[in-house]
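Below you will find the structure I want to go over with you.
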Amino acid sequence: MTLNDLSQIKETELFARKKIVLRCCMAAGCMSSNSQGVKEQLEKAVIDAGLQNEIEVRGVGCMKLCCEGPLVQADPQESLFIKVTPESAPSIIASLNGGKPDVNQSDPHAAFFAKQLSIVLANSGVVDPERIESYITADGYRALHEVLTENTPKETIEIMVNSGLRGRGGAGFPTGLKWGTVAKSPGTKKYVICNADEGDPGAFMDRSVLESDPHSVLEGMAIAAYAVGADQGFIYVRAEYPLAISRLQIAIKQAKIMGLLGSGIFETPFHFNVDLRIGAGAFVCGEETALMMSVEGKRGTPRPRPPFPAESGLFDCPTLLNNVETFANVPAIYRNGAEWFAGIGTERSKGTKVFALAGKIKNTGLIEVPMGTPLRTIVEEMGGGAPDGGKIKAVQTGGPSGGCIPAQHLDTPVDYESLGKLGSIMGSGGMIVMDDSTRMVDVARFFMEFCMDESCGKCIPCRTGTVQMHNLLDKILKRKATARDLAKLEDLCDMVRNTSLCGLGQTAPNPTMSTLRFFRNEYEELLQPDTLGTDRNAS
Amino acid sequence: MTAISNIEEKPVVKPVASGHASGDKRFKILEVHMKKHQFKHDALIEVLHKAQELFGYLEDDLLLFISSKLKLPPSRVYGVATFYHFFTLKPKGEHTCVVCMGTACYVKGADKLIEAVQDKLKIKAGETTADNKVSLLTARCIGACGIAPAVVYDGAVTPRQTPESTLEQINKWGQA
Amino acid sequence: MERLKIATVWLGGCAGCHMSFLDLDEFLIDLAGKVELVYSPVIDVKEYPEGVDVCLIEGAVCNADNLEILHKIRARTKVLVSFGDCAVTGNVPAMRNQFGLGNADNVLQRAYIENAQFNPVKPKADGIVPTLLERVQPVHEVVQVEYFLPGCPPPADRIKALLVQVLEGKTPKLEGPQLKFG
Amino acid sequence: MAAKTLTIDGKQISAEEGETILQAATEAGVKIPTLCHLEGVYDVGACRLCLVEVKGTPKLLPACTLKVAEGMEVSTDTERLRKYRRMTLELLFAERNHVCAVCVANGHCELQALAYELGMDHVRYDYIFPRWEVDNTHRLFGMDHNRCVLCGRCVRSCWHIEGAGTKNVSGRGARSKIITDLNQPWGNSESCTECGKCAMSCPTGALFRKGSTVAESERDRTKLEFIVNAREKKQWNA
């Protein structure tokens, strides 16, 4: 494979391209509403109308507005058909010939789409995720070529540092710094791992990226591997995402056949292989040390850091761990330059962030916005506010590790620091909107139950503390608790947060603490008077 | 205190050198899969996935077979198999109803779906009906938040469920 | 100086803590000069009096009677001391909690029916036999407790150490092995 | 080996490179409470009792796995640490059924000793009262899961010192349980060598040698150290 080969593939693809491309969403959301049947009927309708030479029906990845699926979009006319049924296929085809379609349509220029800025999702809903040629046509693997042939690993890392990209998995650690540490760690064997164990309930960005554009992740991993000096990569993906797994398998196979993975990539000495590892239902495996235990085929229990994975990780070798969205950003950064990327976003949070918008909101689906976009823009303009005349009460970010941001703080810009100040975190990008019918103590208990069930059991504060905190929240909800119990709960939150071994335990109290901070009255309304008698030395 | 010995007695079946004493072909397929992974210890989870795919669940005999082939102590295999929720050591019902309990589904009433099924079938989440017809399970977010609340009926993700639509599906299975 | 009004009470326990109290031996004579024992299983007073300064509570909270008197004690006493492991942790009486809901009935079944040599019958005379609680609790889960004196039973010297400090009006400070359970 | 100079609780000490804070502190006569730590097997940093404060680091770090570094300033006994340690113990006592009065380890129990050393005079959290089994099927040893604190010392000594791999942990979270082979009755175990190292390493009364009285149940941990020294450091040759 050479640069020339890439260009030829692109030319061939463009030459064969038909006048109209009818994009049909084949991501998990729309597929659950029978988009497979829609696609088949569209293909049949094209043949029935004798338009095989005019129209191509293409299965693509996520088109973002999941609540209105199945989605079909015509390119270049851009009309966006929503809630498409297989029966309506002939009508859609007819409309492309000037007829009036008998299908609901949505405005592709509405705020939901217009306010987005796509870097990670640029190919999502455009390329066919099951054909590597489709990715190459969108200039895929050019960045890898450029890096391998024009940059030293050191320069590659410098570009990453200059871009200002920070880890999209939650904590926001500077990616370039991480790469640099792994590169500098002594050792001949190094690994690159892509964390695709998207465990936060309410988050589905990574699933969409893997289903819609798997090659961007592979290309990102390959560039990272070159930069840090690794020759083996693993993608650790949840078993709950069968479609993402199968698309990744196809992508890896195609990349190997084309020589974009394997040995001597682009006729350089660089060789790199990627294997899939399928998770088996353990949220804690999203924690990096637990994830590595799981890749090694063991119980996914975390271990104390230091040593950090960058020094001693998988099989005790230096290991680079980044999440799906981080890797998906990589090819675009090398294609367009670090300055381009650093020009997007805020002072300390660069680029864009993908969010999965869900909950009590009109438009649910995927959005990608520049860092620093106010929450209000996302929730009210793009999301369209609460459905059925409800009032938005809070936005939950960061899943079980995050917090609830109350409506009065909707003008907060979305970046790592601002969300942190409100006691929440960016997290991986789940954004659940809650309206005034949501009881916040109930939400806190829901997340605590989650953490209790997902605790690995290794360290005492997390294993037993989450049980006690859950019981206290339950007691409060059942109107059996007193102010003394609430004090106990707060004390435990502080202790579990500070003493737990890994991120799961350390952040398990976050939803409780943030709801206590902004919605304390909801807790206090449920408390009973204390009957224990005088409290002489409250402990 | 009085000793409560309520541990089940389990028969120990010794695996034989190649294949399995029972002659069940699936053991052979599993062994080929292990060979593909060069019987490496770190392939344990992949092997358990395959075993569950072949047998439906992981019984002791099967775990023992895996442990002897991968040369891992049985306690390690059992420890891993019980750590991950995806693996099940008991047979599942003929049909499975997996209610997603992710946050988005929860705030849109997934708990009501579970309650409805629990009331109807008189089983709790994680259990199977006495006639082995239906297993009720919960999932920690299947990533279909845009179409919440979602339920997976026998592997098919179904969007925007209500207690009524869920019970309708359960009733269909009851008649089959 | 007026003598401190002291009470001791025996809830769900084996009386071992009270035995240990009697092991205070000659210190009991000192004590008698400093305190007035106003309520105790070892003296004949039927009603828990008002205005008690210190009450040592032996035993876990097991039945309706325990609960009732405990609330009375709390209302009429300045300083409560959980006296021994049963009061502090629930200890042996609380082991029936392990058997979950309905354990109270099972306990009676086991004691009065299965183990009976003669006349197997469950005690159930209303108003005479107190109802067992569903869950045995340590004292501090029911009322506020000031000080804790663990031990099964707490040895006499440990009881003495605590009492001396309480009598002097100090906050008792027990440390190290003096806090040993069991 | 290079020496490192650091301070522990204000005391200036020097330690060998590669040593843990726990080792360095012990040598300097500073006692840090531990539960999952056992001489002779590797450390896992799980019980969180040995957490210490290190100047310049916002997070509390376990002394058993933290390596000494030049100029480190470590505090092992602050009010905050004491509070957390006591809470950790209370959580443990509430988790399963630790009734000292009727325990074979009464008087020789590390959990019991930690409780009084750290001033735990009562437990503020609701006792859970789970119902775990007692496995008395082995001819020499017994296991009462009600008294297990899941420190994993038995598992590590079985794997690391004896090399049998009989014991492991099954399940997760509060449902974690120490198992024998495929969660079988211990008496049926094919892999158990009956060496008794697990019982020797247990800090509580969960694992015990049958037939010994309370007075005799003191564990001789030096035996474990002796074996490890003999094997790994080849301190004696036949």
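Look at A:LYS83 and say whether it is more than 23 Å from the chain's Cα centre (by Cα) and either within 16 Å of A:ALA224 (Cβ to Cβ) or part of a helix (DSSP H, G or I) (or both). Steps first, answer last, please.
Details: more than 23 Å from the chain's Cα centre (by Cα): yes; either within 16 Å of A:ALA224 (Cβ to Cβ) or part of a helix (DSSP H, G or I) (or both): no.
Against the criterion (more than 23 Å from the chain's Cα centre (by Cα) and either within 16 Å of A:ALA224 (Cβ to Cβ) or part of a helix (DSSP H, G or I) (or both)), A:LYS83 does not qualify.
Something else about it: Could you please find all residues in the stretch A:247-276 being outside any helix (DSSP H, G or I) and either under 30 Å from A:ALA28 (Cα atoms) or touching a Lys or Arg at 6+ places or on another chain (Cβ under 6 Å) (or both)?
Scanning the stretch A:247-276 gives A:MET258, A:GLY259, A:LEU260, A:LEU261, A:GLY262, A:PHE272, A:ASN273, A:VAL274, A:ASP275, A:LEU276.
Would it be correct to say that C:GLN178 is part of a helix (DSSP H, G or I), over 24 Å from C:ASP65 (Cβ atoms) and more than 9 Å from every other protein chain (Cβ to nearest Cβ)? Let's see the steps before the verdict.
On the way: part of a helix (DSSP H, G or I): yes; over 24 Å from C:ASP65 (Cβ atoms): yes; more than 9 Å from every other protein chain (Cβ to nearest Cβ): no.
Taking the combined requirement at face value, the residue does not satisfy it.
Might you let me know whether the stretch B:148-155 holds any residue that is in a helix (DSSP H, G or I), more than 8 Å from chain A (Cβ to nearest Cβ) and not charged (D, E, K, R)? Give the derivation first.
From the stretch B:148-155, those in a helix (DSSP H, G or I) are none; that's our starting set.
For the stretch B:148-155, residues in a helix (DSSP H, G or I), more than 8 Å from chain A (Cβ to nearest Cβ) and not charged (D, E, K, R): absent.
Would you check which residues across the stretch D:109-137 are in a loop (DSSP other than H, G, I, E, B), away from chain C (no Cβ under 11 Å) and in contact (Cβ under 8 Å) with a residue 60 or more places away in the chain and list them?
Selection gives D:ASN136 alone.
Does the stretch A:156-166 contain at least one residue that is under 21 Å from A:CYS62 (Cα atoms), surrounded by fewer than 18 Cβ atoms within 10 Å (Cβ to Cβ) and out of contact with any helix residue (DSSP H, G or I) (no Cβ under 7 Å at 6 or more places or on another chain)? Steps first, please.
Our first condition is that a residue be under 21 Å from A:CYS62 (Cα atoms); within the stretch A:156-166, this holds for none.
No, there is no match, as no residue in the stretch A:156-166 is under 21 Å from A:CYS62 (Cα atoms), surrounded by fewer than 18 Cβ atoms within 10 Å (Cβ to Cβ) and out of contact with any helix residue (DSSP H, G or I) (no Cβ under 7 Å at 6 or more places or on another chain).
Given the residues B:LEU121, B:LEU58, which is the only one that is hydrophobic (A, V, I, L, M, F, W, C) and modelled with pLDDT of 95 or more? If you could, list the steps in order and put the result at the bottom.
Numbers: B:LEU121 fails: modelled with pLDDT of 95 or more.
So the residue among B:LEU121, B:LEU58 that is hydrophobic (A, V, I, L, M, F, W, C) and modelled with pLDDT of 95 or more is B:LEU58.
While we're on this one: Restricting to the stretch B:133-147, give me the number of residues that are facing chain A (nearest Cβ under 7 Å) and either surrounded by 24 or more Cβ atoms within 10 Å (Cβ to Cβ) or in contact with a strand residue (DSSP E or B) (Cβ under 6 Å, 6 or more places away or on another chain) (or both).
Taking the stretch B:133-147 and keeping what is facing chain A (nearest Cβ under 7 Å), we get B:139-147.
From what's left, either surrounded by 24 or more Cβ atoms within 10 Å (Cβ to Cβ) or in contact with a strand residue (DSSP E or B) (Cβ under 6 Å, 6 or more places away or on another chain) (or both): B:139, B:141-147.
So the count comes out to 8.
Sort out which residues of the stretch D:29-59 are farther than 30 Å from D:VAL228 by Cα and assigned to a loop (DSSP other than H, G, I, E, B), and write them in order of number. Steps first, answer last, please.
To start, the set of residues in the stretch D:29-59 that are farther than 30 Å from D:VAL228 by Cα comprises D:53-59.
Once the filter is applied, which keeps residues that are farther than 30 Å from D:VAL228 by Cα and assigned to a loop (DSSP other than H, G, I, E, B), the stretch D:29-59 yields D:LYS55, D:GLY56, D:THR57, D:PRO58, D:LYS59.
I need the full set of residues from the stretch D:14-49 which are at pLDDT 95 or above and either of a type in the set (Val, Ile, Thr) or touching a Leu at 6+ places or on another chain (Cβ under 6 Å) (or both), in order please.
D:THR20, D:ILE21, D:THR26, D:VAL30, D:ILE32, D:PRO33, D:THR34, D:LEU35, D:VAL44, D:CYS47, D:LEU49
OK, next. I'm checking my understanding of the structure. Among residues of the stretch A:465-482 that are within 7 Å of chain D (Cβ to nearest Cβ) and in contact (Cβ under 8 Å) with a residue 24 or more places away in the chain, which one is surrounded by the fewest Cβ atoms within 10 Å (Cβ to Cβ)? Outline the logic, then answer.
The first filter runs over the stretch A:465-482 and keeps only residues within 7 Å of chain D (Cβ to nearest Cβ), leaving A:465, A:467-468, A:471.
Retained after the next criterion (residues that are in contact (Cβ under 8 Å) with a residue 24 or more places away in the chain): A:465, A:468.
Numbers: A:GLY465: 29, A:GLN468: 24.
That would be A:GLN468.
Which residues, counting only those in the stretch B:79-121, are among the hydrophobic types (A, V, I, L, M, F, W, C), more than 7 Å from every other protein chain (Cβ to nearest Cβ) and part of a helix (DSSP H, G or I)?
Within the stretch B:79-121, B:ALA81, B:CYS105, B:ALA110, B:LEU113, B:ILE114, B:ALA116, B:VAL117, B:LEU121 qualify.
Then there's this: Consider A:ASP485 carefully, then state whether it is more than 27 Å from the chain's Cα centre (by Cα) and either surrounded by 24 or more Cβ atoms within 10 Å (Cβ to Cβ) or in a helix (DSSP H, G or I) (or both). Before you say what the answer is, go through the steps one by one.
Numbers: more than 27 Å from the chain's Cα centre (by Cα): yes; either surrounded by 24 or more Cβ atoms within 10 Å (Cβ to Cβ) or in a helix (DSSP H, G or I) (or both): yes.
Taking the combined requirement at face value, the residue satisfies it.
Give D:PHE226, D:PHE208 a once-over and let me know the one that is surrounded by fewer than 18 Cβ atoms within 10 Å (Cβ to Cβ) and either of a type outside the set (Asp, Glu) or not assigned by TED's automatic domain parsing to the domain that holds D:ASP43 (or both). If you could, list the steps in order and put the result at the bottom.
Details: D:PHE208 fails: surrounded by fewer than 18 Cβ atoms within 10 Å (Cβ to Cβ).
Matching residue, one of D:PHE226, D:PHE208: D:PHE226.
Which of the residues belonging to the stretch C:73-131 are within 14 Å of chain D (Cβ to nearest Cβ), loosely packed, with under 12 Cβ neighbours inside 10 Å and over 25 Å from D:ARG124 (Cβ atoms)?
If the condition is that a residue be within 14 Å of chain D (Cβ to nearest Cβ), loosely packed, with under 12 Cβ neighbours inside 10 Å and over 25 Å from D:ARG124 (Cβ atoms), then C:GLY102 is the only one that fits.
Output yes when any residue across the stretch A:355-366 is surrounded by fewer than 24 Cβ atoms within 10 Å (Cβ to Cβ), closer than 21 Å to A:LEU218 by Cβ, of a type in the set (Lys, Arg) and in contact (Cβ under 8 Å) with a residue 24 or more places away in the chain, and no when none is.
Among the residues of the stretch A:355-366, not one is surrounded by fewer than 24 Cβ atoms within 10 Å (Cβ to Cβ), closer than 21 Å to A:LEU218 by Cβ, of a type in the set (Lys, Arg) and in contact (Cβ under 8 Å) with a residue 24 or more places away in the chain, which makes the answer no.
Which of the residues spanning the stretch D:20-60 are over 26 Å from D:CYS198 (Cβ atoms) and touching a residue at least 40 places away in the same chain (Cβ under 8 Å)?
The answer is D:ILE21, D:ALA24, D:ALA25, D:VAL30.
Evaluate the stretch B:67-78: report whether one residue or more is under 20 Å from A:ARG277 (Cα atoms), at pLDDT 95 or above and not in a helix (DSSP H, G or I).
Yes, the stretch B:67-78 has at least one match.
Being among the hydrophobic types (A, V, I, L, M, F, W, C) and closer than 17 Å to A:LYS18 by Cα is the filter; apply it to the stretch A:69-91 and report the residue that is farthest from the other protein chains (Cβ to nearest Cβ).
To start, the set of residues in the stretch A:69-91 that are among the hydrophobic types (A, V, I, L, M, F, W, C) comprises A:71-72, A:74, A:80-82, A:84, A:89.
Adding the requirement that they be closer than 17 Å to A:LYS18 by Cα leaves A:72, A:74.
On the way: A:VAL72: 16, A:ALA74: 22 Å.
Once the filter is applied, the top-ranked residue is A:ALA74.
Give the residue, chosen from A:ASP200, A:ASP231, that is touching a Gly at 6+ places or on another chain (Cβ under 9 Å), charged (D, E, K, R) and either surrounded by fewer than 24 Cβ atoms within 10 Å (Cβ to Cβ) or not assigned by TED's automatic domain parsing to the domain that holds A:SER455 (or both). Don't jump to the end; show me each part of the working.
Working: A:ASP231 fails: touching a Gly at 6+ places or on another chain (Cβ under 9 Å).
Only one candidate qualifies: A:ASP200.
Could you look through the stretch A:167-197, keep only residues that are surrounded by 24 or more Cβ atoms within 10 Å (Cβ to Cβ) and among the polar types (S, T, N, Q), and pick out the one that is nearest to B:LYS108 (Cα to Cα)?
Only one residue tops the list, namely A:ASN195.
Based on what the data block shows, is C:VAL9 touching a Ser or Thr at 6+ places or on another chain (Cβ under 8 Å), surrounded by fewer than 15 Cβ atoms within 10 Å (Cβ to Cβ), outside any helix (DSSP H, G or I) and of a type in the set (A, V, I, L, M, F, W, C)? Quick ask: steps written out before the conclusion?
Values: touching a Ser or Thr at 6+ places or on another chain (Cβ under 8 Å): yes; surrounded by fewer than 15 Cβ atoms within 10 Å (Cβ to Cβ): no; outside any helix (DSSP H, G or I): yes; of a type in the set (A, V, I, L, M, F, W, C): yes.
Against the criterion (touching a Ser or Thr at 6+ places or on another chain (Cβ under 8 Å), surrounded by fewer than 15 Cβ atoms within 10 Å (Cβ to Cβ), outside any helix (DSSP H, G or I) and of a type in the set (A, V, I, L, M, F, W, C)), C:VAL9 does not qualify.
Also, I was wondering about something else. Which numbered condition trips up D:CYS100, out of (1) more than 21 Å from A:CYS493 (Cα to Cα); (2) within 14 Å of chain C (Cβ to nearest Cβ); (3) surrounded by 19 or more Cβ atoms within 10 Å (Cβ to Cβ); (4) touching a residue at least 40 places away in the same chain (Cβ under 8 Å)?
In the conditions (1) more than 21 Å from A:CYS493 (Cα to Cα); (2) within 14 Å of chain C (Cβ to nearest Cβ); (3) surrounded by 19 or more Cβ atoms within 10 Å (Cβ to Cβ); (4) touching a residue at least 40 places away in the same chain (Cβ under 8 Å), D:CYS100 misses (4) alone.
Go through the stretch A:393-443 and give me each residue that's over 22 Å from A:GLY286 (Cα atoms), surrounded by 24 or more Cβ atoms within 10 Å (Cβ to Cβ) and in contact with a Gly (Cβ under 8 Å, 6 or more places away or on another chain).
Answer for the stretch A:393-443, where residues must be over 22 Å from A:GLY286 (Cα atoms), surrounded by 24 or more Cβ atoms within 10 Å (Cβ to Cβ) and in contact with a Gly (Cβ under 8 Å, 6 or more places away or on another chain): A:VAL414, A:VAL433, A:MET434.
Still on this structure: Name the residue that is surrounded by the most Cβ atoms within 10 Å (Cβ to Cβ), counting only residues in the stretch D:130-158 that are out of contact with any strand residue (DSSP E or B) (no Cβ under 8 Å at 6 or more places or on another chain) and of a type in the set (A, V, I, L, M, F, W, C). Show your work before the answer.
Filtering the stretch D:130-158 down to residues out of contact with any strand residue (DSSP E or B) (no Cβ under 8 Å at 6 or more places or on another chain) leaves D:130-131, D:133, D:137-139, D:147, D:149, D:151, D:153, D:156-157.
Subsequent filtering for residues that are of a type in the set (A, V, I, L, M, F, W, C) retains D:149, D:151.
On the way: D:VAL149: 23, D:CYS151: 26.
This residue is D:CYS151.
Can I ask one more? Criterion first (within 15 Å of A:SER212 (Cα to Cα) and assigned to a loop (DSSP other than H, G, I, E, B)) does A:LYS64 satisfy it? Spell out the reasoning first.
Values: within 15 Å of A:SER212 (Cα to Cα): yes; assigned to a loop (DSSP other than H, G, I, E, B): yes.
Yes, satisfied.
The values are calculated or read from the model by the stated rules, or taken from the named source; none is laboratory data. Everything quoted here is computed from the prediction, not taken from an experiment. A quick note on method: Cβ atoms are made from the backbone with ideal geometry, for glycine too, and the neighbour counts reach across all protein chains shown.
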